[in-house]
Amino acid sequence: MFVRAMARFAAALAALPLMAAVACASSSVEPASLNGGSFGTDLRAEGVIGEQMASESARMTLALLNQYRAGQGLPPVQLDPQMTQVAYQQAKAMADADYMDHNILGDFGSRLKANRVLNVYAGENIGRNIRTADKMFDWWVHSPVHERNMANPRVTRLGFAVAYSPKSGKPYWAMALASAPLR
């Protein structure tokens, strides 16, 4: 157990430039392999990312987030394919497992690195079993740790995805937020 904890500590130190602000849940599910950034089981990733970005849920979440940020005096964010990829991998893995966990594919910093999202400030919000994007957004905005991710002034890019469990039909949501690369 000590060796595993030290390995995780070393991995966390390597990911420090990412400065990920994320509330992580503990996991009883072993993370998937991080072999070259290949996550999930969907080989149609590029088409799926385009579908996720064009979805009504993504457009609604973007509009709600930018409206919320404007009310806080913050600049708007833009939907970003790279961050949508990160969000989709998380939502799909949770839906496939029918289990919600920030670390289902390994820690957030490792997933960012595997998707070449480097030297950024980033945060992740996840959810499940909430049926509509506006209700999921409302839940996140009323949760202090999730709201902090959405109201961070450094954030400029948004990835958003929803995937449905083939086992239960539950929706699994993921929002990945990031700054522009830090200099």
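The values are calculated or read from the model by the stated rules, or taken from the named source; none is laboratory data. Since the structure is predicted, the reported quantities are computational estimates derived from the model, not experimental observations. Heads up, the Cβs are rebuilt from the backbone with ideal geometry, glycines too, and the neighbour counts pull from every protein chain shown. Just so you know, the surface numbers come from the protein's heavy atoms only, side chains and all, with ligands and any DNA or RNA stripped out. Shrake-Rupley method; radii C 1.70, N 1.55, O 1.52, S 1.80 Å.
Structure notes:
- Within region 71-84, the residues that satisfy the criterion of being closer than 13 Å to Met175 by Cβ and not in a loop (DSSP other than H, G, I, E, B) are Leu79, Met83, Thr84.
- Checklist (1) within 22 Å of Ala122 (Cβ to Cβ); (2) at pLDDT 85 or above; (3) open to solvent by 30 Å² or more (accessible area, probe 1.4 Å) applied to Gly36, failing item: (2)
- Boolean, Arg116 is open to solvent by 10 Å² or more (accessible area, probe 1.4 Å), farther than 20 Å from Met60 by Cα and not in a strand (DSSP E or B): yes
- Sole residue being of a type outside the set (Gly, Ala, Ser) and under 21 Å from Arg59 (Cα atoms), chosen from Pro153, Pro166: Pro153
- Top-ranked residue in region 119-133 [being open to solvent by less than 50 Å² (accessible area, probe 1.4 Å), in contact with a Phe, Trp or Tyr (Cβ under 9 Å, 6 or more places away or on another chain) and outside any strand (DSSP E or B); ranked as nearest to Asn66 (Cα to Cα)]: Ala133
- Residues that are outside any strand (DSSP E or B), of a type in the set (Ser, Thr, Tyr) and either modelled with pLDDT under 95 or open to solvent by less than 10 Å² (accessible area, probe 1.4 Å) (or both) within region 134-183 comprise Ser165, Ser179, listed in sequence order.
- When Tyr68 is tested against the conditions (1) within 21 Å of Gly169 (Cβ to Cβ); (2) in a helix (DSSP H, G or I); (3) of a type outside the set (A, V, I, L, M, F, W, C), the lone failure is (1).
- Residues that are of a type in the set (S, T, N, Q), over 17 Å from His146 (Cα atoms) and open to solvent by less than 50 Å² (accessible area, probe 1.4 Å) within region 58-93 comprise Thr84, Gln85, Gln89, listed in sequence order.
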